[in-house]
């Protein structure tokens with residue numbers, strides 16, 4: 001396990017120290033011979049690169065990046081000398097090593113012990129083994145991404161997903177782009193530009209990252225028409241708002257929040273009937289996009305994509321990396337004419353999906369087609385995980401944690417803007433660290449790979465539900481190491 005080096009501020013220590021040729025900082029300023037040239041006291045680039053620790057770093061990260069880092073550190077020292085600023089306390093070698101973390105890729109795998117299954121900040125849905133293998137096959141060499149092998153001529157990347165999407169959802173056609181916000185933007189731009197789109201005020205949601213449905217509509221060139229109230233909207237509200245400029249009715253599922261109490265929203269079938277009668281399109285943005293019935297797992301019902309298609313929506317939009325459990329993608333399924341219009345629109349190229357995501361999405365959808373999603377798709381495997389094995393693993397972790405660890409009941413959440421307010425009974429290894437919760441959680445994150453836990457009620461909680469069993473040994477070893485270092489190990 002490699003040591004992790006924290007970022008270092010070269011000019012933080014207040015004292016002025018002198019550099020020596022052997023890369024050491026020596027006596028304080030009052031003992032320094034001021035007649036010497038401080039620049040000459042700096043070691044050369046070659047001398048620093050010859051240091052065994054820096055040489056080892058160059059083997060790991062490459063000679064050129066490490067040489068550039070050495071030059072950056074030396075330049076910082078020269079700038080400090082030129083400005084008569086206080087020089088840093090460590091040796092130049094130590095300063096180089098302290099900044100070595102900047103040479104490592106910032107995106108890295110982590111152990112998710114938060115109990116949040118679709119954790120937006122931790123990359124949302126992990127891929128199945130088959131999806132990962134499909135990505136490798138598609139990315140390791142050439143593929144028929146946009147080549148028709150039968151005709152021997154240019155093809156379209158949209159064809160790879162069309163058949164499977166239609167078979168699973170019952171739609172006539174489908175398209176996938178790079179995320180669901182893009183799918184909605186493309187649908188509105190291709191089908192509703194310069195015309196009106198009717199939406200309930202209660203569905204003008206913020207979809208994350210500060211992006212809001214009204215903003216997406218504005219960028220598409222469509223005109224937003226709000227109807228009803230925040231808590232109650234009826235079919236008649238939509239009917240009364242229809243004009244000759246109306247292109248579509250848009251329903252947006254509130255997948256990341258819940259309005260309870262005195263509420264009313266029309267059924268999708270009711271909106272579909274109105275849209276058909278008035279010659280309008282019906283767009284249904286489901287957000288999370290479940291293909292399995294969440295009620296079977298003790299959760300509240302989440303709208304199913306196939307139900308929206310059957311209810312008469314012309315275009316159904318949903319994410320690939322939420323409840324579907326695949327890669328980041330925005331998927332639209334529906335009537336052939338509408339999907340073809342989206343494919344032909346110039347924006348389709350700007351938001352198109354790449355070959356790796358197509359491969360992963362195809363493999364993920366194949367799990368549903370085979371009826372094996374609960375077993376093979378990690379999101380559903382975690383949702384379906386019984387409490388007993390979670391408790392057993394939490395107990396093993398607590399044994400590793402010693403006297404500072406206990407096992408307590410907790411609640412896992414689906415996350416990812418899905419099923420707000422819903423949770424799954426779980427168990428956690430709960431640590432009361434002597435060093436303090438924030439410091440201990442930070443130490444967990446400094447492990448290799450990092451372990452991300454949850455702080456609650458002044459303690460650190462680690463939920464095994466979202467940790468792959470192959471990562472258990474690392475979690476246990478990390479707990480033992482950190483608690484033994486604090487003198488509170490088992």
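Would you pick out the residues in region 143-168 that are part of a helix (DSSP H, G or I) and either in contact (Cβ under 8 Å) with a residue 40 or more places away in the chain or not assigned by TED's automatic domain parsing to the domain that holds residue 314 (or both)?
Step one: of region 143-168, the residues part of a helix (DSSP H, G or I) are 159-168.
Correct list: 160, 161, 164, 165, 166, 167, 168.
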- Query: Just a yes or no: is a residue in region 283-301 out of contact with any helix residue (DSSP H, G or I) (no Cβ under 9 Å at 6 or more places or on another chain) and farther than 29 Å from residue 375 by Cβ?
  - Reply: no
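Output the residues belonging to region 371-380 that are in contact with a helix residue (DSSP H, G or I) (Cβ under 8 Å, 6 or more places away or on another chain) and surrounded by fewer than 18 Cβ atoms within 10 Å (Cβ to Cβ). Break it down stepwise before answering.
Step one: of region 371-380, the residues in contact with a helix residue (DSSP H, G or I) (Cβ under 8 Å, 6 or more places away or on another chain) are 373-377, 380.
Scanning region 371-380 gives 374, 375.
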- Message: When you scan region 53-70, do you find a residue that is touching a strand residue (DSSP E or B) at 6+ places or on another chain (Cβ under 9 Å) and crowded, with 19+ Cβ neighbours inside 10 Å, even just one?
- Response: no
- Where residue 115 falls short, out of the listed (1) farther than 23 Å from residue 467 by Cα; (2) outside the structural domain of residue 287 (by TED's automatic domain parsing): (1)
- Message: Let me spell it out: the conditions are (1) within 25 Å of residue 125 (Cα to Cα); (2) surrounded by 18 or more Cβ atoms within 10 Å (Cβ to Cβ), and residue 440 meets all of them except one. Which number is the exception?
- Response: (1)
- Query: Of the residues that sit in region 400-428 and are more than 30 Å from residue 295 (Cβ to Cβ) and in contact with a helix residue (DSSP H, G or I) (Cβ under 8 Å, 6 or more places away or on another chain), which one is surrounded by the most Cβ atoms within 10 Å (Cβ to Cβ)?
  - Reply: 401
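Out of 76, 67, I need the residue that is more than 34 Å from the chain's Cα centre (by Cα), part of a helix (DSSP H, G or I) and touching a residue at least 12 places away in the same chain (Cβ under 8 Å). Which one? Lay out the reasoning, then the answer.
Details: 67 fails: more than 34 Å from the chain's Cα centre (by Cα).
On inspection, the qualifying residue turns out to be 76.
Would you pick out the residues in region 228-246 that are under 20 Å from residue 286 (Cβ atoms) and touching a strand residue (DSSP E or B) at 6+ places or on another chain (Cβ under 7 Å)? Write out each step before concluding.
First pass over region 228-246, keeping only residues under 20 Å from residue 286 (Cβ atoms): 228, 233, 235, 238.
Passing the criteria: 228, 233, 238.
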- Message: I need a count of the residues in region 92-139 that are within 17 Å of residue 373 (Cβ to Cβ) and touching a strand residue (DSSP E or B) at 6+ places or on another chain (Cβ under 7 Å).
- Response: 4
- Item | From 383, 331, 358, 339, residue being in contact with a helix residue (DSSP H, G or I) (Cβ under 8 Å, 6 or more places away or on another chain), in contact (Cβ under 8 Å) with a residue 12 or more places away in the chain and closer than 22 Å to residue 193 by Cβ | 331
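When you go through 134, 125 one by one, which is the residue that is surrounded by 14 or more Cβ atoms within 10 Å (Cβ to Cβ), assigned to a helix (DSSP H, G or I) and in contact with a helix residue (DSSP H, G or I) (Cβ under 7 Å, 6 or more places away or on another chain)? I'd like the intermediate steps shown before the answer.
Details: 125 fails: assigned to a helix (DSSP H, G or I).
Result of the check over 134, 125: 134.
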- Please tell me if residue 93 is in the same structural domain as residue 355 (by TED's automatic domain parsing) and modelled with pLDDT of 90 or more. no
- Message: I'm told residue 390 meets every condition in (1) touching a residue at least 12 places away in the same chain (Cβ under 8 Å); (2) under 30 Å from residue 252 (Cβ atoms) except one. Can you identify the failing condition by its number?
- Response: (2)
- Query: For region 92-113, how many residues are under 25 Å from residue 322 (Cα atoms) and buried (at least 23 other Cβ atoms within 10 Å of the Cβ)?
  - Reply: 3
- Item | Subset of region 451-479 (residues that are surrounded by fewer than 17 Cβ atoms within 10 Å (Cβ to Cβ) and in contact with a helix residue (DSSP H, G or I) (Cβ under 7 Å, 6 or more places away or on another chain)) | 455, 458, 472
- Message: Looking only at helices (runs of 4 or more DSSP H) that lie completely in region 347-430, which have at least 3 residues being closer than 30 Å to residue 219 by Cα?
- Response: 347-350, 355-369
- Message: Can you tell me which of (1) crowded, with 16+ Cβ neighbours inside 10 Å; (2) over 25 Å from the mean Cα position of the chain (by Cα); (3) under 25 Å from residue 265 (Cα atoms) is the one residue 183 doesn't meet?
- Response: (2)
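On the given criteria, is residue 171 in the same structural domain as residue 272 (by TED's automatic domain parsing), assigned to a loop (DSSP other than H, G, I, E, B) and buried (at least 19 other Cβ atoms within 10 Å of the Cβ)? If you could, list the steps in order and put the result at the bottom.
Values: in the same structural domain as residue 272 (by TED's automatic domain parsing): yes; assigned to a loop (DSSP other than H, G, I, E, B): yes; buried (at least 19 other Cβ atoms within 10 Å of the Cβ): yes.
Against the criterion (in the same structural domain as residue 272 (by TED's automatic domain parsing), assigned to a loop (DSSP other than H, G, I, E, B) and buried (at least 19 other Cβ atoms within 10 Å of the Cβ)), residue 171 qualifies.
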- Message: Could you check region 266-325 and list, in sequence order, the residues that are free of Cβ contacts under 8 Å to residues at least 24 places away in the same chain, part of a loop (DSSP other than H, G, I, E, B) and at negative phi?
- Response: 293, 301
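How many of the residues making up region 25-50 are under 30 Å from residue 63 (Cα atoms), surrounded by fewer than 16 Cβ atoms within 10 Å (Cβ to Cβ) and modelled with pLDDT under 65?
At the first step, the residues of region 25-50 found to be under 30 Å from residue 63 (Cα atoms) are 25-26, 37-50.
Imposing the further condition that a residue be surrounded by fewer than 16 Cβ atoms within 10 Å (Cβ to Cβ) reduces the set to 26, 37, 39-40, 44-46, 50.
Subset that is modelled with pLDDT under 65: 26.
The qualifying residues number 1.
The values are calculated or read from the model by the stated rules, or taken from the named source; none is laboratory data. Because the structure is a prediction, the values reported are computed rather than measured. A quick note on method: Cβ atoms are made from the backbone with ideal geometry, for glycine too, and the neighbour counts reach across all protein chains shown.
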